[in-house]
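One structure below.
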């Protein structure tokens, strides 16, 4: 049987993880959680790879995990991998809870991995991209091996205060793009429109327009080659980051598959 890995990614970190999983697992499909998915066959393993947003799951990942119809796949091996820059918070337990409450299945394995911290809206990012990326690549190896071997582990329970913080973020996230601006550096290249995983951007008069269902993945800010998109002007002079092994075309192609 085939394997399946769902991912959600803005700057490419989680797509990188999904691609590495696909290389190590036999016959593995990669599917974006930004889309709907219809199970038409049985899978050997089903994984969820996602970033941590404010100590929990992104809104789109929550919606996806609730709404998928597993059909005849409830006996598959289920796992999740949460990518974070600071703390994994409740991101693993949230997925455990969502899958159990929504579908009656238990998460067999959940693991977090620290990757390059890139929420540019809150801070200027570090310069040591290569060093941090190499460390995360090394840490990913045993995680993928555990998935391949179908290991099981115990998922720690939800910490309530972190759950409240994530819930507060989820409530306001969709409208946070109202504080985005586009300066005269914009060339109308459409990269921002292509990399947005939730189609929150459309071009009008060769400029991006934000449609108020933002996830705060900051792909549009990070991938813009002209630094034309900014958040409250605080990001204007900050460094930019995208995963060194993931291009905007990679995200575009996988998000539209």
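Each value in this text was obtained by applying a stated rule to the coordinates, not by laboratory testing. As the structure is a prediction and not an experimental result, all values here were calculated from the model. Counting neighbours? That spans all protein chains shown, and the Cβs are built from the backbone with ideal geometry, glycine included.
Here are a few things to note about the model shown:
- Using alpha-carbon coordinates, inclination of helix 160-172 to the longest axis of the chain, degrees: 50
- Global geometry of segment 172-256, whether rounded, prolate or oblate, following the gyration tensor of its Cα atoms and the 1.5 cut on a/c: rounded
- Taking the C-alpha atoms only, the angle from helix 129-148 to the longest principal axis of the chain is near 20 degrees.
- Taking the Kirkwood radius as Rh and the Cα radius of gyration as Rg, segment 15-58 has a ratio of Rg/Rh equal to 0.99.
- When Rg and the Kirkwood radius Rh are both evaluated on Cα atoms of the chain, their ratio Rg/Rh stands at 0.95.
- Difference of contour (0.36 nm per residue) and Cα-Cα distance, residue 206 to residue 245: 11.2 nm
- Angle in degrees between helix 91-103 and the longest Cα principal axis of the chain, rounded to the nearest 10: 60
- Relative contact order of the chain, taken over Cα pairs closer than 8 Å and 6 or more residues apart, is 21 percent.
- For the pair residue 36 and residue 128, a Förster radius of 22 Å applied to the C-beta separation gives a FRET efficiency near 0.05, rounded to the nearest 0.05.
- GNM top mover of 29, 202, 245 - the chain, alpha-carbon springs below 10 Å: 245
- Relative exposure of 169, 78, judged by other C-beta atoms within 10 Å (fewest first): 169, 78
- Remark: relative contact order (segment 133-256) = 24 percent; criterion is Cα-Cα distance under 8 angstrom and separation of 6 or more residues.
- Distance from segment 196-257 to segment 18-32 (C-alpha centre basis), Å: 25
- Rounded to 5, percent antiparallel among DSSP beta bridges of the chain: 25
- Applying 1/(1 + (r/R0)^6) with R0 = 30 Å to the Cβ-Cβ distance of residue 74 and residue 256 gives a FRET efficiency near 0.55.
- Each of residue 148 and residue 24 was given a label point 7 Å from its Cα along the Cα-to-Cβ line. The distance between the two points is 0.6 nm.
- Of 159, 11, 242, the one that fluctuates the most in a GNM where the chain has Cα springs shorter than 10 Å: 159
- Among 196, 186, 14: highest mean-square fluctuation, GNM of the chain, C-alpha pairs under 10 Å: 186
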